[in-house]
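The values are calculated or read from the model by the stated rules, or taken from the named source; none is laboratory data. Remember, it's a predicted structure, so these values are computed and weren't measured experimentally. All Cβ positions, even for glycine, are placed from backbone atoms using ideal geometry, and neighbour counts span all protein chains on display.
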Amino acid sequence: MPSASCAGSWWAATPTTCSPASVLFVSATPRVRIAPSPTGYFHVGTGRTALFNWLFARQTGGTFILRIEDTDTARNRPEHTEGIKRALLWLGLDWDEGPYFQSERADLYAAAIDKLIASGAVYACDCTAEQIAERAKERGGPPGYDGYCRDRGLEPDVGRILRFCVPKGESGFHDLIRKDVSKDNNDVEDFGVRKSNGDPLFILANVVDDADMAITHVIRGADHVSNTHKYLLLWRALGYGPEPIFAHLPLINNQQGKKLSKRRDKVAVEDYRDDGYMAEALRNYLALLGWSPGDDREILSVEEMIAEFRLENVKSAPAKFDEVKLTSVNSEYLRALPVDELVSRAQAWQLDRWEPIAPLVQERARTFADVYSLTDFLYRTEPVIDQAEWDKAVRKSPGFAGILDAAATRYATIEWDAASIHDATVAAGTEAGVGQLGKAQAPVRLAVTGRSVGPPLWESLELLGRDRTIARIHAALERLQAGRATG
RNA sequence: GGCCCCAUCGUCUAGUGGCCUAGGACACCACCCUCUCAAGGUGGAGGCACGGGUUCGAAUCCCGUUGGGGCUGCCA
């Protein structure tokens, strides 16, 4: 690890451990921020971090700031910012300031870097990644930068990365959630603050912005805890006053306990939206990942969350994202919707003519996508019949053909309403020697809707219409004939 | 490998030394209700990772072990 000294000695008069006084510093009006980078999708973990920041701001009368961390010009895509805003708004999280763009604040970072250069807190380095790795290999130690250029006195020109000269000491800090996090500076390598192309690196821009925006509470994912040591080192070197209070949220993992990754997991907020989940439900589910109101409530209104949320009550252990549980929360929200609102909100799933049975569907759907699959028999010209399901039903129902035949005949002459359809089906079952209504309706349901489960049949058939119902029964009868002929 | 962190049913969690023979929710199983499926109701199975301490008393405090995760980029 670095043992040489740097040119400057900025840290000599600077406390190198987190003083208790700074922890006690509390601004009258908290200022928090969500600082996503424009990656092209909005991670659910970022969504939860945004939610917790927002809850905290709304509860304390503080300010919630949106800042786009797009210092990596090579990857930055303006259109990605729109996705971030859309996802945030969809979740009901409105910001009070911003969006600010780091790409538009280059002067600020340049000034901070000049200050660091002047005080000797940083130095230029021209080592390549290969050289750094080679030296690490030679000395047999851990990978990472070794402070090789500390005393080479290289000019801080463009073309050379600028590294922070990490002083001796400790850079532990107090965290609202994780309590005391310790770290010896010997274990912090001389990290870069400015790329060789002149662009600031994330950690520099992050610190400068938090200071400039007077952020009082840094609430972010636990994957940033090790950045916090560097953050504090930079903060002090830059001479910024009272340090912000930190709260590192436990990570959200996948079912295997690994970090949620775009490659193998469903991580984008917009994916859940597109799959028919309600924003309120996802927000509620996310709120309960790592936090709990302290009692048995699982469904909380946003007002309750704002009133009762406490950073101090957030757990420090990571949680696994469970879509099954999310689905359950979603179904509760979906069922609680006024029917007309359900109808209008499910519209995006290309539903049509289903309003009359909406209340019956609502009780069975868990997502908007479910609403579609439960009513698709109405929109399709022919029901989609699963062959395996069909074979199984035919095998298990001896009176299959008889019931369909009798039902078609009776349906042709009755009044076309749910009650009459019920009576006719009972009669058809009796005629075919099947006394139980549950068994009698099964062949009809499969023939007409293509499924063995679904909303109540009588109302469904009434809505489908007499002609289409009978036509489908006839088609099923033919299918049965064909099956006998070949099978 | 190094550093940091974490650890209650399968999962999310309540629990902050006695109220715990550990509570709730999801999922699962059984039964009831019932035109299928849901919804609802009733019941069931299922957990304090392990080992040492401290204490009259430990899921709760301490240490170790094991397991898991994060970081270790001229990404953020």
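Listed here are the residues, each with its yes/no results for (1) in contact with a helix residue (DSSP H, G or I) (Cβ under 6 Å, 6 or more places away or on another chain); (2) in a loop (DSSP other than H, G, I, E, B).
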| residue | (1), (2) |
| --- | --- |
| A:Pro398 | no, yes |
| A:Ala419 | no, no |
| A:Asp423 | no, no |
| A:Gly429 | yes, no |
| A:Lys439 | no, no |
| A:Ala447 | yes, no |
| A:Arg451 | no, yes |
| A:Pro455 | yes, yes |
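Take A:Ile177 and tell me if it is within 26 Å of A:Ala28 (Cα to Cα), among the aliphatic types (A, V, I, L, M), outside any helix (DSSP H, G or I) and touching a Leu at 6+ places or on another chain (Cβ under 9 Å). Break it down stepwise before answering.
Numbers: within 26 Å of A:Ala28 (Cα to Cα): yes; among the aliphatic types (A, V, I, L, M): yes; outside any helix (DSSP H, G or I): yes; touching a Leu at 6+ places or on another chain (Cβ under 9 Å): yes.
Here the answer is yes, as A:Ile177 does meet what is asked.
Among the residues of the stretch A:186-232, the one identified as more than 9 Å from RNA strand B (Cβ to nearest atom), in contact with a Gly (Cβ under 9 Å, 6 or more places away or on another chain) and β-branched (Val, Ile, Thr) is A:Thr216. Pairing residues of the stretch A:461-472 that are over 21 Å from A:Ala401 (Cα atoms) and at pLDDT 95 or above with residues that are in a helix (DSSP H, G or I) and of a type in the set (A, V, I, L, M, F, W, C), at Cβ distances under 8 Å and at least 6 apart in sequence or on separate chains, gives A:Glu462/A:Ala418; A:Glu462/A:Ile421; A:Leu463/A:Ile357; A:Leu463/A:Leu378; A:Leu464/A:Phe377; A:Leu464/A:Leu378; A:Leu464/A:Val448. Restricting attention to the stretch A:235-252, the residues that are assigned to a loop (DSSP other than H, G, I, E, B), surrounded by 15 or more Cβ atoms within 10 Å (Cβ to Cβ) and without any contact (Cβ under 8 Å) to a residue 60 or more places away in the chain add up to 2. Here A:Gly40 clears all of (1) at pLDDT 95 or above; (2) in contact with a Gly (Cβ under 9 Å, 6 or more places away or on another chain); (3) at positive phi except the condition numbered (1). Residue count for the stretch A:113-140 satisfying the condition of being surrounded by 11 or more Cβ atoms within 10 Å (Cβ to Cβ) and either within 14 Å of RNA strand B (Cβ to nearest atom) or within 34 Å of the chain's Cα centre (by Cα) (or both): 13. For the stretch A:76-92, give me each residue that is surrounded by 12 or more Cβ atoms within 10 Å (Cβ to Cβ) and assigned to a helix (DSSP H, G or I). Scanning the stretch A:76-92 gives A:His80, A:Thr81, A:Gly83, A:Ile84, A:Lys85, A:Arg86, A:Ala87, A:Leu88, A:Leu89, A:Trp90. Count of the stretch A:430-463 residues, restricted to those that are over 50 Å from the mean Cα position of the chain (by Cα) and crowded, with 17+ Cβ neighbours inside 10 Å, is 3.
Checked against (1) within 13 Å of RNA strand B (Cβ to nearest atom); (2) modelled with pLDDT of 95 or more, A:Pro244 passes all but a single condition, namely (1).
Scanning the stretch A:93-103 for residues that are in contact (Cβ under 8 Å) with a residue 40 or more places away in the chain and assigned to a helix (DSSP H, G or I) yields a single hit, A:Gln102. Cβ-Cβ distances below 6 Å connect the following pairs, each with a first residue in the stretch A:333-362 that is within 21 Å of A:Glu280 (Cα to Cα), a second residue that is outside any loop (DSSP other than H, G, I, E, B) and of a type in the set (Asp, Glu), and a separation of six or more residues or different chains: A:Tyr333/A:Glu280; A:Val343/A:Glu355.
Looking at the structure I just gave you, is A:Ala106 free of Cβ contacts under 8 Å to residues at least 60 places away in the same chain and among the small types (Gly, Ala, Ser)? Steps first, please.
On the way: free of Cβ contacts under 8 Å to residues at least 60 places away in the same chain: no; among the small types (Gly, Ala, Ser): yes.
Against the criterion (free of Cβ contacts under 8 Å to residues at least 60 places away in the same chain and among the small types (Gly, Ala, Ser)), A:Ala106 does not qualify.
Of the listed requirements (1) at pLDDT below 95; (2) more than 17 Å from A:Thr46 (Cβ to Cβ), A:Thr216 misses just one: (1). Restricting attention to the stretch A:71-98, the residues that are at pLDDT below 95 and more than 17 Å from the chain's Cα centre (by Cα) add up to 10. Listed by position, the helices (runs of 4 or more DSSP H) inside the stretch A:288-347 whose residues that are within 12 Å of RNA strand B (Cβ to nearest atom) number at least 1 are A:302-308, A:323-335.
Please determine whether any residue of the stretch A:345-352 is in contact with a Phe, Trp or Tyr (Cβ under 6 Å, 6 or more places away or on another chain), surrounded by 19 or more Cβ atoms within 10 Å (Cβ to Cβ) and among the small types (Gly, Ala, Ser). For the stretch A:345-352, residues in contact with a Phe, Trp or Tyr (Cβ under 6 Å, 6 or more places away or on another chain), surrounded by 19 or more Cβ atoms within 10 Å (Cβ to Cβ) and among the small types (Gly, Ala, Ser): present. Every condition in (1) more than 15 Å from the chain's Cα centre (by Cα); (2) hydrophobic (A, V, I, L, M, F, W, C); (3) farther than 24 Å from A:Tyr109 by Cβ holds for A:Ile68 except the one numbered (3).
Specify the residue that is farthest from RNA strand B (Cβ to nearest atom); the eligible residues are those in the stretch A:253-270 that are basic (Lys, Arg) and assigned to a loop (DSSP other than H, G, I, E, B). Among residues in the stretch A:253-270 that are basic (Lys, Arg) and assigned to a loop (DSSP other than H, G, I, E, B), the one farthest from RNA strand B (Cβ to nearest atom) is A:Lys266.
The set of residues in the stretch A:377-397 that are surrounded by 13 or more Cβ atoms within 10 Å (Cβ to Cβ), of a type in the set (Val, Ile, Thr) and within 9 Å of A:Gly450 (Cβ to Cβ) contains only A:Ile385. Residues in the stretch A:30-48 that are more than 19 Å from A:Asp322 (Cβ to Cβ), small (Gly, Ala, Ser) and surrounded by 21 or more Cβ atoms within 10 Å (Cβ to Cβ): A:Ala35 alone. The residue list A:Glu280, A:Glu270 contains one member that is within 23 Å of A:Val302 (Cβ to Cβ) and surrounded by fewer than 19 Cβ atoms within 10 Å (Cβ to Cβ), which is A:Glu270.
Note on the stretch A:359-381: residues that are of a type in the set (A, V, I, L, M, F, W, C), within 14 Å of RNA strand B (Cβ to nearest atom), assigned to a helix (DSSP H, G or I) and closer than 25 Å to A:Tyr272 by Cβ amount to 3.
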